[in-house]
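So the structure is just underneath, and the comments pick up after that.
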Amino acid sequence: MIKLLGASLIIFASLKWGYDSILMLKRRTDLLSEFIASLNIMSGEICVSMVPMSDVLERLSVSGGQFVRPFYKKVLNSMERLGAESFSDIWKDGISELCLLNENEKKIILDMGEVLGRFDINKQGETIHYAEIRLTKALEDAMEKRKSDTKVYGAFSAAAGLLTVIILI
Amino acid sequence: MNEMRKEKYEGAVRLLPFHSRQYAMEIDEKLASQVEEFRLRTGKPVSALINGREYSIGKDNVTINDLNTLIELSTGASAYSCREQLKNGFVTAAGGYRIGVCGTVARGVDDIVGYTMFSSANIRIPSEISGVSDEPLKYIFQKGFGSVLIVSPPGLGKTTLLRDMAASLSDGRLDGVKRRVAICDERGELAATYKGEAQLYVGKCTDVLDMCPKDKGINMLLRAMNPEIIVVDEITDERDSEAILRANSCGVYLAASAHGSGIEDILRRPAYKKLVDNHVFSYVINIKKESNKRKYIVSEVGGECLD
C-alpha cells in the first residue's frame, strides 16, 4: 500500500513538473502577445491622442492583460521618482516584473524606454512600431518553441515518473 | 518669505539639476524671495535672476542631459503631448512654472517642428500676489467700470496684476458681485493650466481657454462661454485688435496688457491706436518701478489720473 502511494506521488510530482513547464511556456507566449497588444494601445494614445505618459501607464496598468499589468503598474508608481531618476531608468526598473521574458526580449523593451516620452512624436511611433515588429518575431519563435516543447515536456515528465517508479520498485 | 512664495520657490528648485538644488536651497531666504527665474545654460552654472540681474548658483555646469531631464520632469515624461507649447518655445509645468527653452530648432516644410537639441532654459517662478489689483480696481469702480489696458515694460508685473484683477472680478472681491470672467491664455502664463486645471488662482467664476491664439480664442469665448469680461495677456498684432473690437461691440468688457512705457508709446503702434481711437479701453494702468517698489498709475482715457 505504501509502495503504491509512493509510486503515485512520484508520478504525480513528475507530471506536475511537466505541467508547470508547459504552463510557463504558455504564460510566456501570453505575456508576449499581451505586451504587443499593449504597444498597440500605447501607440494610439501617444501618437494619435497625445495622452500624457502617466495616463497611458494608468490605462495599461488597469486594462492591460493580466501579465503586463504589474509592469505598467510598477512604472506608473515609480513616476514620482522622475527628476531624481530618468524615465528610461524607471522603465528599466519595471522590466524586473517581466521575468518570463528572455534577455533578448527584455532588451527590446529596454531600448524602447530610451526614446519614450521624448519630444519627437514620429520617433515615438517608429520606436513603438519597431518594438512591436521585434516582439512579434519573438512571439512567433516562442509559439514554435511552445509547440515542440509541450510534447517533449509532456512525454518526458510521464516517462521520467514511470521510470523512477520502476527503478525504485 | 511668505508660505506661498516659499512653496513656489521650492517647487522651482525641484526642477533644477540635482547638483544645483542644494545650493539653491541654501540661498538667504530674503534673497530667495526675490528670485524671478532660474536660468540654465549648457556649460555654465545655473543662475538666478534677481531684480533683473543674474547670479550664479553652485559650481557644476549644466549639461544637455540636465536640460533633457528638466523637460522630462516638467512634462511628466510626455514632451510629445506638449509639442505645440514647445514649438512656441516653452512648456508649462505642474505648479504653473513656465519653462522657456532655447536650442537648435528643427524646421519642417513651412513651420518649426520642434527642437533637435536644447542649449538653454529658464524656469520662471509664477508670482501670485493677492490684492495687488485692489487699489487700481477701487478707483475704476468709483469712476464707473470699463475696459482696462495694463501697460508696462517687461518684468514689472503686468501678468500678475491682470491675473489678480481676473480673480478679484470673478470672486466679486471688492463689490460682492461675481462676474463671468473668461481668460484667453495664449501662452499659458495667466492661469498656467496643467492637465485641465489652472495652477494659479484666477477666480471661482473664471473660464480658461488655454493655448489658443487670441484672435480665434476671443471669438470662441464670445460664442461659447457668454462672458462678461474677457482677459487677454499681451496684445501684439492687428488680428488681436480686431477680435477685441468685435468683443467690445458685443458689450463685453476687456482687461488686457501690452508691452510699452506708457500710453504715448502705445499710441504709436497701429494695433493699439485702433483700440484707443475706438474707445475700447476706458482706463490705462501704467506700472512703473521706483526705488524697488511698483507703482500703479491709473489713467482714465482722455480724463484724469490716479497715482
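The values are calculated or read from the model by the stated rules, or taken from the named source; none is laboratory data. Values in this document were obtained by computation on a predicted structure and should not be read as measured data. Cβ coordinates were reconstructed from backbone atoms using ideal geometry, including for glycine residues, and neighbour counts include every protein chain displayed. Heads up: the accessible areas ignore ligands, DNA and RNA and are worked out on the full protein's heavy atoms, side chains in. Shrake-Rupley method; radii C 1.70, N 1.55, O 1.52, S 1.80 Å.
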Only helices counted: for chain B, with every DSSP H run of 4 or more residues adding -39500 (n - 2.57) and the sum spread over all residues, [θ] at 222 nm is -9000 deg cm²/dmol
A correct Kirkwood calculation over the Cα atoms of the protein assembly as shown returns a hydrodynamic radius in Å of 26.2 Å
Helix B:3-13 sits off the longest principal axis of the Cα atoms of chain B, rounded to the nearest 10 on a 0 to 90 degree scale, by 50 degrees
Counting only DSSP beta bridges with both partners in region B:134-306, the antiparallel fraction in percent, to the nearest 5, comes to 35 percent
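Could you give the size of the charge dipole of region A:30-148 about its Cα centre, using +1 on the Cβ of each K and R and -1 on the Cβ of each D and E, expressed in debye and rounded to the nearest 20? The partial results should precede the final answer.
Details: 15 positive and 20 negative charges, 42 e Å.
The calculation lands at about 200 debye.
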Dividing the helical contributions, -39500 (n - 2.57) per DSSP H run of n ≥ 4, by the residues of chain A yields a 222 nm value, nearest 500 deg cm²/dmol, of -27000 deg cm²/dmol
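Using protein heavy atoms only (no ligands, DNA or RNA), what is the total accessible area buried between B and A, 1.4 Å probe, nearest 100 Å²?
Working: alone 15020 and 10150 Å², together 23650 Å².
The buried area between B and A, both sides summed, comes to about 1500 Å².
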Taking the alpha-carbon centre of each part, the distance from region B:206-226 to region B:87-119 in Å is 24 Å
Note on region B:3-124: contact order normalised by length, alpha-carbon pairs under 8 Å, 6 or more apart, percent, works out to 22 percent
Quick calc, the protein assembly as shown, dipole around Cα centre from Cβ unit charges on Lys, Arg (+) and Asp, Glu (-), nearest 20 debye, gives 780 debye
Put A:Glu45, B:Glu264, A:Glu105 in order of accessible area, largest first, probe 1.4 Å, and you get B:Glu264, A:Glu45, A:Glu105
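FRET efficiency for A:Ile167 and A:Ile2, Cβ-Cβ distance as r, R0 = 22 Å, nearest 0.05? The partial results should precede the final answer.
Details: r = 17 Å, r/R0 = 0.78.
E(calc), rounded to 0.05, equals 0.80.
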When the charge dipole of region B:134-306 is computed with +1 at the Cβ of Lys and Arg and -1 at the Cβ of Asp and Glu, the Cα pointing farthest to the positive end, of B:Ile229, B:Leu161, B:Val148, is that of B:Leu161
Expressed per residue, the solvent accessible area of the protein assembly as shown in Å² (1.4 Å probe) is about 50 Å²
The farthest towards the positive end of the charge dipole of the protein assembly as shown, of the residues B:Tyr296, B:Leu73, B:Val177, given +1 on Cβ of Lys and Arg and -1 on Cβ of Asp and Glu, is B:Leu73
The value for region A:30-148 (convex hull of the alpha-carbon atoms, volume per residue, Å³) is 89 Å³
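Using the C-alpha gyration tensor of chain B, what are the square roots of 5 times its eigenvalues, in whole angstrom, with the largest one first? Don't jump to the answer; show the numbers that get you there.
Working: eigenvalues 227, 101, 64 Å².
One finds semi-axes of 34, 23, 18 Å for chain B.
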hull vol. (C-alpha, convex hull) per residue for region A:72-116, Å³ -> 59 Å³
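Report in % the part of the accessible area of the protein assembly as shown that belongs to carbon and sulfur, leaving out ligands and nucleic acids; probe 1.4 Å. Spell out each step's value before the answer.
Values: 12800 of 23650 Å².
Answer for the protein assembly as shown is 54 percent, counting heavy atoms of protein chains only.
Any of B:Lys195/B:Lys295; B:Lys143/B:Lys289; B:Lys59/B:Lys195; B:Lys44/B:Lys214; B:Lys273/B:Lys295; A:Lys107/A:Lys147 with alpha carbons more than 28 Å apart? Name them for me.
Details: B:Lys195/B:Lys295 35 Å; B:Lys143/B:Lys289 25 Å; B:Lys59/B:Lys195 35 Å; B:Lys44/B:Lys214 37 Å; B:Lys273/B:Lys295 24 Å; A:Lys107/A:Lys147 24 Å.
With Cα atoms farther than 28 Å apart: B:Lys195/B:Lys295; B:Lys59/B:Lys195; B:Lys44/B:Lys214.
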So the angle from the long Cα axis of helix A:69-78 to the longest Cα principal axis of chain A, reported in degrees to the nearest 10, equals 40 degrees
For region B:72-92 the residues that are at least 50 Å² less accessible with all protein chains than alone, 1.4 Å probe, are B:Glu72, B:Ala77, B:Tyr80, B:Arg83
Among residues of region A:106-120, a drop of 50 Å² or more in 1.4 Å probe accessible area, assembly relative to the chain on its own, occurs for A:Gly117, A:Phe119
In the protein assembly as shown, taking the dipole from +1 charges on Lys and Arg beta carbons and -1 charges on Asp and Glu beta carbons about the Cα centre, the listed residue (B:Pro270, B:Val132, A:Cys99) farthest towards the positive end is A:Cys99
